[in-house]
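The values are calculated or read from the model by the stated rules, or taken from the named source; none is laboratory data. All figures in this text were calculated on a predicted structure; none of them were measured in a lab. Quick reminder, even Gly has a Cβ in these numbers, built from the backbone with ideal geometry, and neighbours come from all protein chains shown. Note: areas computed on protein heavy atoms with side chains; ligands, DNA, RNA excluded. Shrake-Rupley method; radii C 1.70, N 1.55, O 1.52, S 1.80 Å.
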Amino acid sequence: MAIEPIVLFDNGHHKCLMFDSLVTGEGVQSNQFLVVDGKHEALIDPGGDLTYTPLSVAASRYMNLRDMDYVFASHQDPDIIGAIDRWIVHTKAKIVTSKLWARFLPHLVSSYVTTKLSGSVYDRIVGVPDAGANVKFGDSYLQCLPAHFMHSVGNLQFYDPVSKILFSGDLGASMGGEDEHLPVQDFDRHIPSMIGFHRRYIASQKVCRLWANMIRDLEVDMIVPQHGKRFEGETMVNRFLDWVGDMECGIDLMTQENYRRPVDYV
Ligand SMILES: [Fe+2]
Ligand SMILES: [Fe+2]
(Lines give C-alpha, C1' and ligand atoms only; values in the text may rest on other atoms or scores of the structure.)
(Ligands and ions follow the chains in the order given, each with its own letter.)
Protein backbone atom coordinates (compact mmCIF):
# COMPACT_ATOMS: atom_id res chain seq x y z
CA MET A 1 0.00 0.00 0.00
CA ALA A 2 1.38 3.39 -0.97
CA ILE A 3 1.71 5.76 1.95
CA GLU A 4 0.78 9.25 0.87
CA PRO A 5 2.65 12.08 2.56
CA ILE A 6 1.02 15.31 3.62
CA VAL A 7 2.22 18.14 1.37
CA LEU A 8 3.15 21.00 3.69
CA PHE A 9 4.58 23.16 0.89
CA ASP A 10 5.07 22.83 -2.87
CA ASN A 11 5.99 25.59 -5.33
CA GLY A 12 7.03 23.17 -8.06
CA HIS A 13 10.76 23.52 -7.34
CA HIS A 14 10.73 23.30 -3.56
CA LYS A 15 8.67 20.79 -1.57
CA CYS A 16 8.20 19.87 2.07
CA LEU A 17 6.48 16.54 2.66
CA MET A 18 5.46 14.99 5.94
CA PHE A 19 5.02 11.27 6.52
CA ASP A 20 2.87 10.79 9.59
CA SER A 21 1.64 7.23 9.49
CA LEU A 22 4.70 5.02 9.01
CA VAL A 23 5.01 3.86 12.62
CA THR A 24 3.30 0.57 13.34
CA GLY A 25 3.23 -1.52 16.51
CA GLU A 26 4.52 -0.20 19.81
CA GLY A 27 6.42 2.89 18.75
CA VAL A 28 5.04 6.34 19.51
CA GLN A 29 3.48 8.10 16.51
CA SER A 30 6.06 10.28 14.82
CA ASN A 31 6.39 12.49 11.77
CA GLN A 32 9.25 12.24 9.28
CA PHE A 33 10.02 14.96 6.75
CA LEU A 34 11.37 15.10 3.23
CA VAL A 35 12.53 18.46 1.86
CA VAL A 36 13.20 18.72 -1.89
CA ASP A 37 14.83 21.64 -3.70
CA GLY A 38 15.17 20.90 -7.41
CA LYS A 39 17.38 17.84 -7.59
CA HIS A 40 18.46 18.05 -3.96
CA GLU A 41 16.83 16.14 -1.13
CA ALA A 42 17.10 15.98 2.62
CA LEU A 43 15.30 14.01 5.30
CA ILE A 44 14.60 15.52 8.70
CA ASP A 45 14.34 13.31 11.79
CA PRO A 46 13.82 10.07 9.83
CA GLY A 47 13.62 7.80 12.90
CA GLY A 48 14.89 4.35 13.72
CA ASP A 49 14.37 0.76 12.59
CA LEU A 50 10.59 1.07 12.78
CA THR A 51 10.42 3.74 10.09
CA TYR A 52 13.52 3.00 8.01
CA THR A 53 11.95 0.59 5.52
CA PRO A 54 8.56 2.27 5.06
CA LEU A 55 10.19 5.71 4.87
CA SER A 56 12.83 4.65 2.35
CA VAL A 57 10.13 3.05 0.17
CA ALA A 58 7.82 6.07 0.43
CA ALA A 59 10.60 8.64 -0.09
CA SER A 60 11.98 6.72 -3.09
CA ARG A 61 8.92 7.83 -5.03
CA TYR A 62 10.31 11.38 -4.89
CA MET A 63 14.04 10.82 -5.27
CA ASN A 64 16.90 8.46 -5.84
CA LEU A 65 17.63 7.64 -2.22
CA ARG A 66 21.33 7.02 -2.83
CA ASP A 67 21.86 10.59 -4.00
CA MET A 68 20.19 12.26 -1.03
CA ASP A 69 22.27 15.20 0.26
CA TYR A 70 21.51 15.23 3.97
CA VAL A 71 19.82 13.61 6.91
CA PHE A 72 19.13 16.28 9.53
CA ALA A 73 18.81 15.04 13.12
CA SER A 74 17.44 17.40 15.76
CA HIS A 75 18.92 15.28 18.53
CA GLN A 76 20.20 11.81 19.38
CA ASP A 77 17.01 9.90 20.29
CA PRO A 78 16.07 6.51 18.73
CA ASP A 79 12.93 7.92 17.08
CA ILE A 80 15.10 10.60 15.46
CA ILE A 81 18.23 8.93 14.19
CA GLY A 82 18.19 5.31 15.42
CA ALA A 83 18.69 4.02 11.85
CA ILE A 84 21.78 6.14 11.15
CA ASP A 85 23.68 2.98 10.13
CA ARG A 86 21.22 2.27 7.30
CA TRP A 87 21.21 5.84 6.00
CA ILE A 88 24.99 5.88 6.06
CA VAL A 89 25.43 2.63 4.18
CA HIS A 90 22.56 2.95 1.69
CA THR A 91 22.94 6.64 0.78
CA LYS A 92 25.66 9.21 0.27
CA ALA A 93 23.99 11.61 2.70
CA LYS A 94 25.84 13.59 5.33
CA ILE A 95 24.26 13.44 8.77
CA VAL A 96 23.77 16.94 10.22
CA THR A 97 23.40 17.10 13.99
CA SER A 98 24.67 18.92 17.07
CA LYS A 99 28.39 18.58 17.56
CA LEU A 100 27.52 17.23 21.03
CA TRP A 101 26.20 14.05 19.41
CA ALA A 102 28.69 13.68 16.58
CA ARG A 103 31.05 11.55 18.69
CA PHE A 104 28.26 9.42 20.18
CA LEU A 105 26.27 8.51 17.06
CA PRO A 106 28.96 6.12 15.74
CA HIS A 107 27.94 3.86 18.67
CA LEU A 108 24.78 3.09 16.68
CA VAL A 109 26.80 1.80 13.73
CA SER A 110 28.03 -1.79 13.81
CA SER A 111 31.56 -2.75 12.80
CA TYR A 112 30.00 -4.73 9.93
CA VAL A 113 28.58 -1.52 8.47
CA THR A 114 31.85 0.29 9.07
CA THR A 115 33.70 -2.23 6.87
CA LYS A 116 31.38 -1.36 3.98
CA LEU A 117 32.27 2.33 4.10
CA SER A 118 35.20 3.92 2.31
CA GLY A 119 35.80 6.41 5.15
CA SER A 120 34.88 6.55 8.82
CA VAL A 121 31.38 7.11 10.19
CA TYR A 122 32.59 10.31 11.79
CA ASP A 123 33.55 11.66 8.35
CA ARG A 124 29.88 11.44 7.35
CA ILE A 125 28.65 13.55 10.27
CA VAL A 126 28.45 17.34 10.13
CA GLY A 127 28.72 18.52 13.75
CA VAL A 128 26.83 21.79 14.14
CA PRO A 129 28.24 24.15 16.80
CA ASP A 130 26.10 25.34 19.71
CA ALA A 131 25.39 28.63 17.93
CA GLY A 132 23.70 26.77 15.06
CA ALA A 133 24.59 27.10 11.36
CA ASN A 134 23.18 27.46 7.87
CA VAL A 135 23.58 24.46 5.61
CA LYS A 136 23.58 25.08 1.84
CA PHE A 137 20.82 23.07 0.25
CA GLY A 138 20.00 23.31 -3.48
CA ASP A 139 19.36 26.96 -4.39
CA SER A 140 18.68 27.80 -0.77
CA TYR A 141 19.78 26.67 2.68
CA LEU A 142 18.37 25.06 5.77
CA GLN A 143 18.98 26.84 9.03
CA CYS A 144 19.97 24.81 12.09
CA LEU A 145 18.66 26.84 15.02
CA PRO A 146 19.83 26.35 18.59
CA ALA A 147 17.13 24.75 20.75
CA HIS A 148 19.32 23.33 23.48
CA PHE A 149 17.68 21.72 26.54
CA MET A 150 14.41 21.47 24.60
CA HIS A 151 14.56 18.61 25.35
CA SER A 152 18.00 17.27 24.53
CA VAL A 153 21.07 19.10 25.87
CA GLY A 154 22.35 19.46 22.31
CA ASN A 155 19.17 20.13 20.40
CA LEU A 156 18.61 21.72 17.02
CA GLN A 157 15.56 22.78 15.08
CA PHE A 158 15.45 23.28 11.34
CA TYR A 159 14.04 26.34 9.61
CA ASP A 160 13.35 26.35 5.90
CA PRO A 161 13.35 29.97 4.62
CA VAL A 162 11.58 29.01 1.37
CA SER A 163 8.51 27.38 2.90
CA LYS A 164 8.87 29.33 6.18
CA ILE A 165 8.35 26.08 8.05
CA LEU A 166 10.02 25.50 11.38
CA PHE A 167 10.64 21.81 12.03
CA SER A 168 10.62 21.93 15.82
CA GLY A 169 11.63 18.39 16.78
CA ASP A 170 10.08 17.37 20.09
CA LEU A 171 9.04 20.91 20.99
CA GLY A 172 5.30 21.23 20.41
CA ALA A 173 4.91 17.45 20.41
CA SER A 174 1.47 16.12 21.27
CA MET A 175 0.35 12.61 22.00
CA GLY A 176 -2.96 10.87 21.87
CA GLY A 177 -4.84 13.67 20.14
CA GLU A 178 -7.46 12.90 17.49
CA ASP A 179 -6.87 13.36 13.77
CA GLU A 180 -3.14 13.80 14.18
CA HIS A 181 -2.73 14.42 10.47
CA LEU A 182 -4.69 17.68 10.72
CA PRO A 183 -3.30 21.01 12.00
CA VAL A 184 -4.36 22.25 15.43
CA GLN A 185 -7.80 23.87 15.18
CA ASP A 186 -8.53 24.78 18.79
CA PHE A 187 -5.39 25.65 20.74
CA ASP A 188 -6.96 25.48 24.21
CA ARG A 189 -8.38 22.02 23.56
CA HIS A 190 -4.99 20.92 22.26
CA ILE A 191 -3.06 21.87 25.41
CA PRO A 192 -3.90 18.67 27.38
CA SER A 193 -2.26 16.53 24.69
CA MET A 194 0.99 18.57 24.96
CA ILE A 195 1.31 19.55 28.58
CA GLY A 196 2.46 16.27 30.18
CA PHE A 197 5.23 15.78 27.66
CA HIS A 198 6.46 19.36 27.91
CA ARG A 199 6.48 19.44 31.71
CA ARG A 200 8.68 16.36 31.88
CA TYR A 201 10.79 16.44 28.72
CA ILE A 202 11.60 20.16 28.38
CA ALA A 203 14.23 21.47 30.77
CA SER A 204 13.00 24.89 31.91
CA GLN A 205 10.83 27.91 31.25
CA LYS A 206 13.96 30.04 30.89
CA VAL A 207 15.09 28.27 27.72
CA CYS A 208 11.56 28.27 26.31
CA ARG A 209 11.38 32.07 26.71
CA LEU A 210 14.77 32.63 25.11
CA TRP A 211 13.80 30.31 22.28
CA ALA A 212 10.43 32.03 21.74
CA ASN A 213 12.19 35.42 21.53
CA MET A 214 14.43 34.06 18.76
CA ILE A 215 11.49 32.60 16.82
CA ARG A 216 9.42 35.81 17.03
CA ASP A 217 12.11 37.47 14.88
CA LEU A 218 11.67 34.82 12.19
CA GLU A 219 8.96 34.68 9.57
CA VAL A 220 7.28 31.39 10.48
CA ASP A 221 4.18 30.18 8.66
CA MET A 222 4.08 26.78 10.30
CA ILE A 223 5.61 25.01 13.31
CA VAL A 224 5.73 21.28 12.71
CA PRO A 225 6.76 19.01 15.57
CA GLN A 226 8.01 15.46 15.30
CA HIS A 227 4.97 14.02 17.11
CA GLY A 228 1.34 14.92 16.63
CA LYS A 229 -0.32 18.00 15.20
CA ARG A 230 1.25 21.05 13.57
CA PHE A 231 0.58 24.75 14.13
CA GLU A 232 -0.39 26.55 10.95
CA GLY A 233 -0.79 30.28 10.39
CA GLU A 234 0.19 33.38 12.36
CA THR A 235 -2.44 33.03 15.07
CA MET A 236 -1.58 29.43 15.94
CA VAL A 237 2.17 30.05 15.73
CA ASN A 238 1.85 32.99 18.13
CA ARG A 239 -0.41 31.05 20.49
CA PHE A 240 2.20 28.34 20.68
CA LEU A 241 5.07 30.80 21.27
CA ASP A 242 3.10 32.52 24.05
CA TRP A 243 2.11 29.23 25.65
CA VAL A 244 5.51 27.61 25.59
CA GLY A 245 7.28 30.74 26.85
CA ASP A 246 4.89 30.96 29.77
CA MET A 247 4.94 27.33 30.85
CA GLU A 248 6.70 26.04 33.94
CA CYS A 249 8.41 22.78 33.15
CA GLY A 250 11.38 20.55 33.88
CA ILE A 251 13.58 21.85 36.68
CA ASP A 252 11.10 24.66 37.45
CA LEU A 253 8.80 21.98 38.91
CA MET A 254 11.38 19.90 40.77
CA THR A 255 11.34 19.76 44.57
CA GLN A 256 13.01 17.56 47.17
CA GLU A 257 10.06 15.17 46.69
CA ASN A 258 11.47 14.27 43.28
CA TYR A 259 14.82 13.30 44.80
CA ARG A 260 14.13 10.62 47.39
CA ARG A 261 15.27 7.01 47.54
CA PRO A 262 12.53 4.79 46.05
CA VAL A 263 10.66 2.18 48.06
CA ASP A 264 8.75 0.49 45.21
CA TYR A 265 9.85 -2.31 42.90
CA VAL A 266 9.03 -2.42 39.22
FE1 LIG B 1 13.39 13.09 21.66
FE1 LIG C 1 10.61 12.39 19.69
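With every protein chain kept in place and ligands, DNA and RNA left out, what is the accessible area per residue of the chain? Probe 1.4 Å, answer in Å².
Heavy-atom SASA per residue in the chain reads 49 Å².
Write down the percent of antiparallel bridges among all DSSP beta bridges whose residues are both part of the range 39-173, to the nearest 5.
Given both bridge residues lie in the range 39-173, the antiparallel proportion sits at roughly 55 percent.
Under a point-charge model restricted to the Cβ atoms of Lys and Arg (+1) and Asp and Glu (-1), what is the dipole moment magnitude of the range 6-254 relative to its Cα centre, in debye to the nearest 20?
Numbers: 22 positive and 31 negative charges, 170 e Å.
So the magnitude is around 820 debye.
Could you tell me the distance between the Cα centroids of the range 51-71 and the range 162-204, to the nearest Å?
Each part's Cα centre sits 26 Å from the other's.
Of all the accessible heavy-atom surface of the chain, with the other protein chains kept in place and a 1.4 Å probe, what percent is carbon and sulfur? Before the final figure, lay out each step's value.
Details: 6730 of 13090 Å².
Its accessible area is 51 percent carbon and sulfur atoms.
Dividing the alpha-carbon Rg of the range 6-254 by 2.2 N^0.38 Å yields what?
Compared with the compact-globule rule of thumb, the range 6-254 sits at 0.96.
Take the Cα radius of gyration of the range 49-148 and divide it by 2.2 N^0.38 Å, with N its residue count; two decimals is plenty.
Details: Rg = 13.4 Å, N = 100, 2.2 N^0.38 = 12.7 Å.
Taking the Cα Rg and dividing by 2.2 N^0.38 Å, one obtains 1.06.
Just want the answer: with Cβ charges of +1 for Lys and Arg and -1 for Asp and Glu, which residue in 174, 263, 184 is farthest toward the dipole's positive end in the range 158-266?
The residue sitting most towards the positive pole is 263.
Could you sort 122, 112, 159 by accessible area so the largest value comes first, with the probe set to 1.4 Å?
The most accessible residue leads, giving 112, 122, 159.
Compute the length gained on full extension between residue 206 and residue 10: take 0.36 nm times their separation in residues and subtract their Cα-Cα distance, giving the result in nm to one decimal.
Values: separation 196, 0.36 × 196 = 70.56 nm, distance 3.57 nm.
Contour length minus Cα-Cα distance gives 67.0 nm.
Name the lysines eligible as straight-distance cross-link partners of residue 94: C-alpha to C-alpha under 19 Å, and not fewer than 8 places from it in the same chain.
Residue 94 reaches 39, 116, 136.
Hey, what do the phi angles of the range 209-226 turn into as Karplus ³J(HN,Hα) couplings, whole Hz, using 6.51/-1.76/1.60 and θ = phi - 60°, x for Gly and Pro?
Values per residue, Gly and Pro as x: 5, 4, 5, 4, 4, 5, 6, 4, 7, 9, 8, 10, 8, 7, 10, 10, x, 7 Hz.
Roughly how many nanometres apart are two label points built 7 Å out from the Cα toward the Cβ at residue 49 and residue 186?
4.1 nm
Can you pull the accessible area of residue 87 for me, 1.4 Å probe, Å² to the nearest 10?
0 Å²
How much of residue 24 can a 1.4 Å solvent probe reach, expressed as accessible area in Å² and rounded to 10?
For residue 24, solvent-accessible area is about 90 Å².
Just to make sure I understand: if all protein chains stay in place, what is the order of 164, 99 by accessible area at 1.4 Å, largest first? Don't skip to the end; give the middle numbers.
On the way: 164 50, 99 105 Å².
Ranked list, largest accessible area first: 99, 164.
May I ask you to rank 234, 180, 4, 26 by accessible area, largest first, using a 1.4 Å probe over the protein chains only? Let's see the in-between values first.
Values: 234 140, 180 40, 4 110, 26 190 Å².
Accessible-area ranking of 234, 180, 4, 26, largest first: 26, 234, 4, 180.
Between residue 141 and residue 263, what is the spin-label point distance in nm, taking each point 7 Å from the Cα along the Cα→C-beta axis?
For residue 141 paired with residue 263, the spin-label model returns 5.8 nm.
Name the residues whose placed amide hydrogens come within less than 5 Å of the amide hydrogen of residue 132, ignoring near sequence neighbours (fewer than 5 apart) on the same chain.
Long-range HN contacts for residue 132: none found.
Quick one: length gained pulling residue 254 to residue 213 fully straight, 0.36 nm per residue minus the C-alpha distance?
Length gained, residue 254 through residue 213: 12.3 nm.
Need the full-extension length gain, residue 28 to residue 61, defined as separation in residues times 0.36 nm minus the C-alpha distance. One decimal, nm.
Stretched fully, the residue 28-residue 61 segment lengthens by 9.4 nm.
For the range 34-41, what does the Karplus curve 6.51 cos²θ - 1.76 cosθ + 1.60, with θ = phi - 60°, yield as ³J(HN,Hα) per residue in whole Hz, taken in order and with x for Gly and Pro?
Values per residue, Gly and Pro as x: 10, 10, 10, 10, x, 9, 10, 9 Hz.
Could you name the aspartates and glutamates in cross-link range of residue 206, using Cα to Cα under 20 Å and dropping any fewer than eight places away on the same chain?
Once the sequence-local aspartates and glutamates are set aside, what remains near residue 206 is 130, 170, 217, 242, 246, 248, 252.
The range 95-121 to the range 205-234: how many Å between their Cα centroids?
30 Å
Have a look at 48, 12, 228 and tell me which one the Gaussian network model of the chain (Cα, springs below 10 Å) gives the largest fluctuation.
12
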